[in-house]
1. For the stretch A:106-129, state whether one or more residues are touching a residue at least 40 places away in the same chain (Cβ under 8 Å) and closer than 14 Å to residue B:104 by Cβ.
2. Look at residue B:163 and say whether it is over 23 Å from residue B:32 (Cα atoms) and out of contact with any Lys or Arg (no Cβ under 8 Å at 6 or more places or on another chain).
3. Only helices (runs of 4 or more DSSP H) wholly contained in the stretch B:1-109 count here; list those with 3 or more residues that are surrounded by fewer than 16 Cβ atoms within 10 Å (Cβ to Cβ).
4. Tell me, please, whether a residue that is at pLDDT below 90 and either surrounded by 22 or more Cβ atoms within 10 Å (Cβ to Cβ) or not basic (Lys, Arg) (or both) can be found in the stretch A:27-35.
5. Please enumerate the residues belonging to the stretch A:96-105 that are in contact (Cβ under 8 Å) with a residue 24 or more places away in the chain, surrounded by 17 or more Cβ atoms within 10 Å (Cβ to Cβ) and facing another protein chain (nearest Cβ under 8 Å).
6. Of all residues being closer than 13 Å to residue A:108 by Cβ and either within 12 Å of chain B (Cβ to nearest Cβ) or touching a strand residue (DSSP E or B) at 6+ places or on another chain (Cβ under 6 Å) (or both) in the stretch A:142-165, which is surrounded by the fewest Cβ atoms within 10 Å (Cβ to Cβ)? Just the residue, please.
7. Within the group A:109, A:145, A:139, A:114, which residue is assigned by TED's automatic domain parsing to the domain that holds residue A:69 and under 16 Å from residue A:75 (Cβ atoms)?
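The values are calculated or read from the model by the stated rules, or taken from the named source; none is laboratory data. Computed from a predicted structure; not experimentally measured. Methodologically, a virtual Cβ is constructed for each residue, glycine included, from the backbone with ideal geometry; neighbour enumeration extends over all protein chains shown.
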Amino acid sequence: MSAILHAQALGKRYGRRQALAECTLEIPPGHVVGLVGPNGAGKTTLLKIACGMLAPTSGRIEVLGEQPAADPTQLARIGYVAQDTPTYPNLSVADHLKLGAKLNPRWDAELAQARIEQLELDPKQKAGKLSGGQRAQLALTVAVAKRPELLILDEPVASLDPLARRSFLRHLMESVAENGTSVILSSHLVSDLERVCDYLVVLVSSRLQLAGETDDLLAQHYRIVCTRRKESDLPSDLEVIWAEHTDRQSTFVVRGDAEPPTGDWVADHLELEDLVLTYMERAADSGRRAKTLKTEDAR
Amino acid sequence: MIWLTWRQFRAQAVAAVVILAAATAYFVATGLGMHHSYATDLASCTAQNDCDTLLSQLRYKYDAMFNLAELLVVAAPALIGIFWGAPLIGRELETGTHQVAWNQSVTRTRWLAIKLAGVGLASMATAGVLSYLLTWWAGPLDQIDGSRFAAMTFSTRDIVPLAYAAFAFALGTIAGLLLRRTIPAMAVTLAVFIGIQVLVPTMIRPNLLPSTTVTYTLDESSLSQANGIFGQGGSSGDFYMSGLGVSQGAWVLSSTPVENSSDQPIPLNAIQSCLPAIGPNGKGGRGGTDFAQVGSCLAHDNLHESVTYQPSSHYWPIQWFESGLFLVLTALLSGACFWWIRRRQN
């Protein structure tokens, strides 16, 4: 099986704004991938490139071993639910299922029907009259019943209330488990993804910060709290991701293949949310530093 | 894909069918009566050898209806561009539903091809039915008018309305594609289409085929066909004679002022002595003026006037050329839609 997504120095530029830069990434098959990053980090751009809605301005990308949206076969292999889960407002729920049936060779009518019944959607209802949560569920149904090998969901739960959010993710996980589909879903909230993802990609200010299996990432990262000291005083096989100093104390977030040796410090694992936030802060910080340097250069 | 195109177009199609049915009923109901009275009027007046008065009355009776019917056929392509073309892709981009359509197992080239072909053909069919109805209905009135080149007449008869409809539809489509908003796309479509509909009859249509220019020496035989004198700037200004030698149904594009043997325009008062029946304001008309007599009076002055026109035999070639022109523009705009949708991607 080929990688879900294989990107090589992928970039997208809108005029002068770089939406995605130097993104090199290989996601092995069979994962539920969470794509996290603050708003405007380039998540949507990456997902749109992956499903062929956008063409990259630099670099290469293969999804399931093929160019995105190259031909009808490739289109059939990928299901995509765009941000804000668009549906045709004047078409009824039943029309959307018919649309899926007419336009997709592998359409699973039984699955679609069962999901609509389970969700208690009225087939005659116009999609424009559905609630946000129902619309998201309808869009997911159309994408899932297409029987794709990979589902790409762009902030599918962003506009949903907590209850609808939970029910949407539960339905998603059910159909993923049944069909063995790979999934990439994005969110700016780690808590949305924590329960469902086993692979994490962190994107901040158009650059890739971190990618890997969630369990590995959690195992590799530690928070070390110790008396105040310099980064260079730590064991050299630990990569310092983040350092914070008070008058007496230093806190480091480090990455290492093995557990840090015992020393005059306390080493602990991080929660996934803390881990992601650390990388986001670091990226925001280095961005700020780069800007300051530029201003100083200019002087 | 055909199903989806039909499903999205269904409401507009029903509206179009209702309008066409109403128009057909109206044209047939009034047209049969008009055709009948034209035939009887023509028979009776030919017998009496004076058709002008009787047929003018008939023409006058139907004038309001005639103008209304032409307006309908003129407006149809613009309405098609606005209500079928502009939302075709514009609304999808506006509401984000193109992201649904483009992620089914159908390439967006195919998606666009079926939408363009399906609704485009419906546009041409609609305009075709309206044009056919009007061409049939107004047949007798056009006979009375005698010229099929009048701007409104030419644009609303025979085959050009089909090409206008195809063009307006493609124009609306690309406006929606580029602007990504339905309402602005509608406005732009209307503005551009009106601009082109003004430009073409005045600048393009006269030059689609080489026109004929004939220079007439003003004498008894040439002026026997004249039907008026038109002065510019009073009795000391230029003037020209209308109706010279050009056969009926021709499209007079321009005529020079009356000039003397050294090609200088002469003022109207220079020929005053030959114009007994015409007042000092220089306006002339058919009533009371014997132009043949004026001609024989002017014969020895060696005056001439040139008339440029499209003969009536050019009617169908110009219809075809103009239709072809609009269809080429339609093809270019459609091609641009394909290029844009494949290259720009969202």
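1. yes
2. Here the answer is yes, as residue B:163 does meet what is asked.
3. B:2-48, B:52-61, B:63-80
4. Yes, the stretch A:27-35 contains at least one residue that is at pLDDT below 90 and either surrounded by 22 or more Cβ atoms within 10 Å (Cβ to Cβ) or not basic (Lys, Arg) (or both).
5. Answer for the stretch A:96-105, where residues must be in contact (Cβ under 8 Å) with a residue 24 or more places away in the chain, surrounded by 17 or more Cβ atoms within 10 Å (Cβ to Cβ) and facing another protein chain (nearest Cβ under 8 Å): A:99, A:100, A:104.
6. Step by step, filter the stretch A:142-165, then rank; the result is A:147.
7. A:145
Yes/no per residue for (1) more than 27 Å from residue B:164 (Cβ to Cβ); (2) in contact with a Leu (Cβ under 8 Å, 6 or more places away or on another chain); (3) outside the structural domain of residue B:122 (by TED's automatic domain parsing); (4) at pLDDT below 90:
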| position | (1), (2), (3), (4) |
| --- | --- |
| B:12 | no, no, no, no |
| B:21 | no, no, no, no |
| B:36 | yes, no, no, yes |
| B:39 | yes, no, no, yes |
| B:42 | yes, yes, no, yes |
| B:48 | yes, no, no, yes |
| B:59 | no, yes, no, yes |
| B:80 | no, no, no, no |
